[in-house]
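A short write-up of the structure that comes next.
The values are calculated or read from the model by the stated rules, or taken from the named source; none is laboratory data. Predicted, not measured: the structure shown is a model, and the values here were computed from it. Heads up, the Cβs are rebuilt from the backbone with ideal geometry, glycines too, and the neighbour counts pull from every protein chain shown. Just the protein is used for accessible areas: all its heavy atoms, side chains included, with ligands, DNA and RNA removed. Shrake-Rupley method; radii C 1.70, N 1.55, O 1.52, S 1.80 Å.
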Amino acid sequence: MHADNQGEGGTFALYSLLCQHANIGKTASHGKQDKKRVPSDITTAMANQKGSGVQALIKSTLEGSRTAQTLLHAVTIVGACMLIGDGIFTPSISVLSALVGIKTNVSSISQSLVIWCSAVILFFLFILQRFGTKRVSFLFSPVMAAWLVTTAIIGTYNIVVHYPTIFKAIAPNYIVTFFWKNGKQGWFMLGGTLLCVTGAEAMFADLGHFDRISIKVAFMSMVYPSLVLTYAGQTAYLIKHPQDHVQGFYKFIPSSIFWPMLVISTLSAIVASQSIVSATFSLIKQSIALDFFPRIKLIHTSRDKEGQIYIPGINYILLILCLAVVFLFQDGTQISNAFGVAVIMVMFITTGLFTLVMLLVLHTPLPVALIFFTYFGLLEGLYVSAVLIKIAQGGWLPFSVAIILSTIMFSWNYGRRKTREYEMEHEMSFDNLDHTLSDSSIQRVPGFCFFCIEAGCCLPPIISHYINNMRSLHKVTILTTIRYVPELEYVPKEKRLLVERIWCRGVYSCEAQYGYKDMIDVEGEDFMSRFVESFGQNIIRMKQQEQYAVYAGEEEEHCFPSEFLGTKIPDSEGKSSPATLAITRNEERELEELENAKMAGARYVLPKVLLKTSKESGWLNRIFLGQLYSFMEHNSRSTTAVLQVPYAKLVEVGMTYEI
């Protein structure tokens, strides 16, 4: 529960932690390190610790082996895809299993009616997602409390009435006897017990929706004790009534309270479905941030928790797939087989990734990490082997879902990596930009131009492409990148822009920072005025620290807003000196140019890159880059929609990157 990445959990969180502590992958969040960024608990507590020689060897091996990195990459994707698939099976099996209990008391009810009732409940479950976890949790908490308390009471009742000494089953000799008597059949039966622990894999992935303390307190004080008493009570009942094993839960409920418990169990199934759907949203969000998934619309539903989000597109896809699973199988047995495969694969992969986090991030002693992996790895590996034999009985579905999602994630990540590699290889140098702008045929157009680029490449080749084709560049050109600060709900507008002047006159860089609840509206925020103000404040701070930077007798040229004209710089004692004026003559001239540019207005240039495979490319590149990635890039959410740029002021620049 402490292996979080900026408050988020799941396989992508573990992978991101590994990327931050070893050079084994480049993520979208890897850029300039901001001192204001709030690190995760692990980063805070363990960043200054050094690993042992063996741990350093493991780290160097991972960093130096392309095969090891590819394997880690693939395992992470498969684990995430299995958990996303879990978001399909959990609502289906939970709701269907709850409603099928009606048949135990009313035998005349048909299975088709149960199926349609399940479909209706699933429909409304996903419709409610748009209100967010926080708004509907006031309904969920009483439901779960009622469920946990009532099942524990019923379990205790059955223990007392049917088999008071049931807890002797904790003794290990019984499981030894079980396998000794049942042999291979006992091994096959392990897969059925997985349904007793489903949901545990979602607790870690739900860290973004529920804080760590809440999960710990709820689990240890209510969930775990209730589960132990409930399963012990069912076991006690079935020892006396083995013929009722098919519907063991509803059979062990006293008939006088059957209908109230049916209502409570159905409502609790809805809540259980909610938890895994929330975890799926979190995983998709993390995959987008790590460049594993195309850009889609995300809506933050809470002012307090950055991780509480709603993704409309994914929500409706999950709804369709859940309904398809219910109508396709119509039987909880096959769905539970698929469910068990997905759950244990997620647990097994999480164990492996967390072992690496223990070694490379937590700097856990090697013997402790090996004990952890040996114990949990062997235990979960045994269950993996038991569920794989059920592939033909429904277990094929999670693998099919994982293959489809893995193909999407791999194609998108591969395309993004190839795009960055191309931009780094063909990056325009500052000398080349200066030389190009000195050409008399290149016109400097009046006005501001916000040229949107991605982080990681200062002068991507599309800038040279734009200048050479347009034969012009605005007199004030700002190379703008957008960065989200996930720890902050809102970034104050006065601190939003981080600006600096680069090599060429009239060309600047700007990083616009946004919190997770900030709405990006470049036109409404008046980027021009805010840019000039932020840049002036930045230079004032620099001069306060450096007391005038003079190079070879030339005054360093910077731009300042009009309110800084004549400002005096305080010395180290806080006193102003007439000799240290903030604005020089060159800076006044540059300020006039900025004011004139503001009068001419602003234009926004957005790159539109098309990846094209060359004739020498292999068939894999032609499929994953030329077809899949190009299709997803064309249909992903556009930068225009994110930035809310007015179309009248928008210029899209197309360029083909031949890979």
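Within segment 254-265, can one find any residue that is in contact with a Ser or Thr (Cβ under 7 Å, 6 or more places away or on another chain), small (Gly, Ala, Ser) and buried (at least 18 other Cβ atoms within 10 Å of the Cβ)?
no
How many residues, within segment 118-136, are modelled with pLDDT of 85 or more and under 16 Å from Ser268 (Cβ atoms)? I'd like the intermediate steps shown before the answer.
Let us first name the residues in segment 118-136 that are modelled with pLDDT of 85 or more, namely 118-127.
Now narrow it down to the ones that are under 16 Å from Ser268 (Cβ atoms): 118, 121-122, 124-125.
Residues in segment 118-136 being modelled with pLDDT of 85 or more and under 16 Å from Ser268 (Cβ atoms): 5 in total.
Do you know which residues across segment 350-383 are in contact (Cβ under 8 Å) with a residue 40 or more places away in the chain and open to solvent by 20 Å² or more (accessible area, probe 1.4 Å)?
The first filter runs over segment 350-383 and keeps only residues in contact (Cβ under 8 Å) with a residue 40 or more places away in the chain, leaving 350, 352-354, 356-357, 359-363, 365-366, 382-383.
Correct list: Thr350, Gly352, Phe354, Leu356, Leu362, His363, Pro365, Leu366, Leu382, Tyr383.
Quick test of your reading of the structure: Leu195 fulfils all but one of (1) touching a residue at least 60 places away in the same chain (Cβ under 8 Å); (2) touching a Gly at 6+ places or on another chain (Cβ under 7 Å); (3) open to solvent by less than 60 Å² (accessible area, probe 1.4 Å); (4) of a type outside the set (Gly, Ala, Ser). Name the failing condition by number.
Of (1) touching a residue at least 60 places away in the same chain (Cβ under 8 Å); (2) touching a Gly at 6+ places or on another chain (Cβ under 7 Å); (3) open to solvent by less than 60 Å² (accessible area, probe 1.4 Å); (4) of a type outside the set (Gly, Ala, Ser), only one is false for Leu195: (3).
For the condition touching a strand residue (DSSP E or B) at 6+ places or on another chain (Cβ under 9 Å) and open to solvent by 30 Å² or more (accessible area, probe 1.4 Å), what is the one hit in Ala324, Ala289?
Exactly one of Ala324, Ala289 is touching a strand residue (DSSP E or B) at 6+ places or on another chain (Cβ under 9 Å) and open to solvent by 30 Å² or more (accessible area, probe 1.4 Å), namely Ala289.
Considering only segment 434-460, state which residues are modelled with pLDDT of 85 or more and small (Gly, Ala, Ser).
If the condition is that a residue be modelled with pLDDT of 85 or more and small (Gly, Ala, Ser), then Ser438, Ser440, Ser441, Gly447 are the ones that fit.
I'm trying to understand the selection: among the residues of segment 630-659, which are more than 23 Å from Ile463 (Cβ to Cβ) and open to solvent by less than 40 Å² (accessible area, probe 1.4 Å)?
Met632
Listed here are the residues, each with its yes/no results for (1) more than 28 Å from Ile127 (Cα to Cα); (2) of a type in the set (Phe, Trp, Tyr); (3) modelled with pLDDT of 85 or more.
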{"residue": "Asp304", "(1), (2), (3)": "no, no, no"}
{"residue": "Gly313", "(1), (2), (3)": "no, no, yes"}
{"residue": "Tyr316", "(1), (2), (3)": "no, yes, yes"}
{"residue": "Leu379", "(1), (2), (3)": "yes, no, yes"}
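Is it the case that Gln274 is part of a helix (DSSP H, G or I) and crowded, with 19+ Cβ neighbours inside 10 Å?
When the stated conditions are applied, Gln274 passes them.
Among the residues of segment 153-173, what is the count of those that are within 15 Å of Met261 (Cβ to Cβ) and open to solvent by 40 Å² or more (accessible area, probe 1.4 Å)? Write out each step before concluding.
As a first pass, look at segment 153-173 and keep what is within 15 Å of Met261 (Cβ to Cβ): 153-158.
Cutting the leftovers down to open to solvent by 40 Å² or more (accessible area, probe 1.4 Å) gives us 153, 156-157.
The qualifying residues number 3.
Taking Gln20, is it at pLDDT 50 or above and either under 18 Å from the mean Cα position of the chain (by Cα) or of a type in the set (Val, Ile, Thr) (or both)?
yes
So in segment 594-627, with the set limited to residues that are of a type in the set (A, V, I, L, M, F, W, C) and surrounded by fewer than 12 Cβ atoms within 10 Å (Cβ to Cβ), which one is farthest from Phe451 (Cα to Cα)?
Trp619
Hey, among Thr374, Thr407, which residue is modelled with pLDDT of 90 or more and under 23 Å from Thr193 (Cβ atoms)?
Checking each option against the conditions leaves just Thr374.
Within segment 44-77, restricting attention to residues that are part of a loop (DSSP other than H, G, I, E, B) and modelled with pLDDT under 80, which residue is least open to solvent (accessible area, probe 1.4 Å)?
Gly51
Considering only residues that are of a type outside the set (A, V, I, L, M) and part of a strand (DSSP E or B), which ones fall in segment 595-628?
Within segment 595-628, Arg603, Tyr604, Pro607, Lys608, Lys612 qualify.
Only one of (1) in contact (Cβ under 8 Å) with a residue 40 or more places away in the chain; (2) crowded, with 21+ Cβ neighbours inside 10 Å is not met by Ile314, so which one is it?
(1)
Within segment 637-647, does at least one residue satisfy the condition of being under 24 Å from Val445 (Cα atoms) and assigned to a strand (DSSP E or B)?
No, every residue in segment 637-647 fails to be under 24 Å from Val445 (Cα atoms) and assigned to a strand (DSSP E or B).
Working only within segment 407-440, note down all residues that are among the charged types (D, E, K, R), surrounded by 19 or more Cβ atoms within 10 Å (Cβ to Cβ) and more than 15 Å from Ile462 (Cβ to Cβ).
Result: Arg416, single match.
Scan segment 205-226 and tell me whether some residue there is in a helix (DSSP H, G or I), among the polar types (S, T, N, Q) and crowded, with 18+ Cβ neighbours inside 10 Å.
Yes, segment 205-226 contains at least one residue that is in a helix (DSSP H, G or I), among the polar types (S, T, N, Q) and crowded, with 18+ Cβ neighbours inside 10 Å.
Output the number of the condition that Val246 fails; it satisfies all remaining conditions of (1) more than 18 Å from Ile93 (Cβ to Cβ); (2) free of Cβ contacts under 8 Å to residues at least 12 places away in the same chain; (3) open to solvent by 60 Å² or more (accessible area, probe 1.4 Å).
Checking Val246 against (1) more than 18 Å from Ile93 (Cβ to Cβ); (2) free of Cβ contacts under 8 Å to residues at least 12 places away in the same chain; (3) open to solvent by 60 Å² or more (accessible area, probe 1.4 Å), the one that fails is (1).
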